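**Q** Dropping the structure in here first, questions after.
The values are calculated or read from the model by the stated rules, or taken from the named source; none is laboratory data. In this text the structure is predicted, and so the values were computed from the model without any measurement. Neighbour counts run over all protein chains shown; Cβ positions are idealised from the backbone, glycine included. Ligands, DNA and RNA are excluded from the accessible area calculation, which covers all protein heavy atoms including side chains. Shrake-Rupley method; radii C 1.70, N 1.55, O 1.52, S 1.80 Å.
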Amino acid sequence: MKTLLKNGTVVNVFTDELERADVLLDGGRILGVGTCYKDEDADEVYDASGKFICPGFIDGHIHIESTMMTPAELARLCVENGTTAIMADPHEITNVCGLKGVDYILESSENLPMTVYVMMPSCVPATALDEAGAVLLAEDLEPYYDHPRVLGLAEMMNYPGLLFGDPEVWKKIRSAREKGMVINGHAPLLSGRDLDTYVAAGIGDDHETSSFEEAAERIRKGQRVMIRQGGQARNLEALLPLFEEPWNRRCLLVTDDIHADILMERGHINGIIRQAVKAGKNPVAAIRMATLQAAECFRLQGVGAVAPGYAADIAVLSDLETMTVCDVFKGGKQVVKDGRAEVFEVPAVSAELEETVRNSFHMEPLKKEDFLVPGAGSKSCRVIQLVKHQLLTDVSLEELDLSKGSGIDLDLDILKLAVAERHKNTGHIGLGFLHGFGLKEGALASSVAHDSHNLVILGTNEEDMAVAGNRVREMGGGCVVVKDGKVVEELALPVAGLMSDKTAAEIAEGSAAIQEAAYKLGASKDLDPFMMMAFTALPVIPHVKLTTLGLVDVDTQQLLPLVEEPHQRFCGFS
């Protein structure tokens, strides 16, 4: 069926022009753009008077699991914001369920009103100093490269392994290159000769850039920069200069990790563009970054523009300031009308995959003694230091009282942090201390702990930590807030311990409730409590993180002692 969008203003992402034109859709493709088309050329006419017609937005890097929504519910919310495609890296669920996690994402995203492309996880686990539910080798990934929605190798987080010549890391890279796949990057603060080595390996982009200087070096060396505005990691303000020429020609927009409540509040990619426009940036250039350039980054032909022969994936906007989405066409079919998604069929998932993703906890109950640090008296202990609005962390040495095995010092805002293995019942629990979180009472626990997604627990006392951790285990995954031995708020995430089968509104309400409960216990409002907890366990973002095996010096990929003895005074990261 042919559809004519008439009397609108087309956003031309090839020339950055705004042109009055009609757009004729024929099935899943754009047949023509211009002023020569008439009503009789189409079976259906859509009046776009006073509106702007632009390509559907593309999120160049997102983890579906981090939204806590299933692919179908995420698609509904995203398409209402004009997004018609996402590049998903399912390494969260894959770290829990192995390749069955990839299969679950592919099956549950089939034929949605938003195309879900998949990048195969490159780091399961993220490093050898972590314990995931699976280990994926190059040969495990290769068969998936033939899938029509698999575009390449996802973020190569193990950049230390690449630089140090890890054979398996290089095997994955060579395998992807031989198949002609796109390889995504993840190498915060990498520079100079190390960055040269990283780029020369065939890694074409990075979403971990946090300053203009860092971005400029990457662009000069041929990489594309993904400007990330997610939940906890918000790099847009620092990277606003990239919206100017010539930098914007090598940039795209991504969310990476973002929760349902934030998506509902500020929108998706359209929300990032709105923020950039409010800061004085050209909306047409921003739209180009979020459409054509994302498609080019992933070598998608005929996607990302309103032009003859291109996919009929179109967002109709009320204006270029608020970026309010009126209607959306996907494959030539109207999937959003007056800002609301049309009803669509939710893909069925096999019983085997459902069984796998809903039974992801394999560990014994926890007790308060599991969180005590061996030692006596005052000891010099390493404390992870949070950095405001960043996923980066520093570390310091602090004198803590370990006479009772605790070491917690609320006056200094030093809390106990633990990561307990949950996939294979190894019983491993990594212990550490954290500064900058602000919690004054109780404990928090979550099965969302990037990237291996073991059970992360943070508390002001060991008793509440045990209660919180055990409640998450009982639920089969989720987030819990505990005070005085009682659960005061919880959010169940039964799908791999990462996602809920509820609606976006219900998840947003639950997410807001656990966040508010954490704030009532003193957590700093400068951070998203549970998202920040999740990233304290990710041993590929500098400088020190905690895994089930202990403190990890990310820069050297070595374990650090929690308690520093006198003869170790100058060893390790400090």
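**Q** Starting from the Cα of Lys278, draw a straight line to each of the lysines and keep only those under 20 Å, dropping any in the same chain fewer than 8 residues away.
**A** Lys51
**Q** What does the helix-only formula give at 222 nm for the chain: each DSSP H stretch with n ≥ 4 adding -39500 (n - 2.57), the total divided by the residues, and the result rounded to the nearest 500 deg cm²/dmol?
**A** Numbers: 16 runs with 140 residues, N = 574.
So the calculated ellipticity at 222 nm is -7000 deg cm²/dmol.
**Q** Reachable lysines from Lys171, Cα under 26 Å, same-chain residues fewer than 8 places away excluded?
**A** Correct list for Lys171: Lys100, Lys179, Lys221.
**Q** I need the peptides 173-181, 14-22, 426-434, 115-123 ranked by packing, meaning the mean over residues of other C-beta atoms within 10 angstrom, with the highest value on top. Walk me through the numbers on the way to the answer.
**A** Details: 173-181: 16.2, 14-22: 14.3, 426-434: 20.3, 115-123: 25.0.
My ranking of the peptides, most packed first, is 115-123, 426-434, 173-181, 14-22.
**Q** Among Lys416/Lys486; Lys281/Lys330; Lys440/Lys525; Lys486/Lys525, which pairs are too far apart, with a Cα-Cα distance over 20 Å? Don't skip to the answer; put the middle values down first.
**A** Values: Lys416/Lys486 18 Å; Lys281/Lys330 28 Å; Lys440/Lys525 13 Å; Lys486/Lys525 23 Å.
As for pairs spanning more than 20 Å Cα to Cα, those are Lys281/Lys330; Lys486/Lys525.
**Q** Here is a further query. Order of 69-77, 56-64, 368-376 by packing, highest average Cβ count within 10 Å first? Can you show the working numbers first?
**A** Details: 69-77: 24.9, 56-64: 27.6, 368-376: 15.9.
Listed from highest to lowest mean packing, they are 56-64, 69-77, 368-376.
**Q** At 1.4 Å probe size, with the rest of the protein present, what percent of the exposed accessible area of segment 208-294 is carbon and sulfur atoms?
**A** Heavy-atom surface of segment 208-294 belonging to carbon and sulfur, 1.4 Å probe: 49 percent.
**Q** For Kirkwood radius over Cα pairs in Å, several values are listed as (1) 25.4; (2) 29.7; (3) 24.3; flag the one computed from this structure.
**A** (3)
**Q** Rank Arg220, Arg299, Arg29 by accessible area, highest first, at a 1.4 Å probe radius?
**A** Arg220, Arg299, Arg29
**Q** State in Å² the accessible area per residue of segment 152-200; use a 1.4 Å probe, count heavy atoms of protein chains only, and round to the nearest integer. Working shown, then result.
**A** Numbers: 2010 Å² over 49 residues.
Accessible area per residue, segment 152-200: 41 Å².
**Q** Here's a follow-up. Tell me which aspartates and glutamates have Cα within less than 12 Å of Lys502's Cα, excluding those fewer than 8 residues away on the same chain?
**A** Partners found: Glu73.
**Q** Can you grab the distance from the C-alpha centre of segment 527-560 to the C-alpha centre of segment 268-283, Å, no decimals?
**A** 32
**Q** With charges only on Cβ, +1 for K and R and -1 for D and E, what is the dipole size of the chain about its Cα centre, in debye, rounded to 20? Mind showing how you got there, number by number?
**A** On the way: 53 positive and 86 negative charges, 139 e Å.
Using only the charged Cβ atoms, the result is roughly 660 debye.
**Q** At a 10 angstrom cut-off on C-beta neighbours, averaged per residue, how do the peptides 331-339, 89-97 rank from highest to lowest? All intermediate terms of the calculation are to be shown ahead of the outcome.
**A** On the way: 331-339: 16.0, 89-97: 28.8.
In descending order of packing, they fall as 89-97, 331-339.
**Q** Which one, Thr35, Ala176, Gly98, projects farthest toward the positive side of the charge dipole computed for the chain from Cβ point charges (K/R +1, D/E -1)?
**A** Thr35
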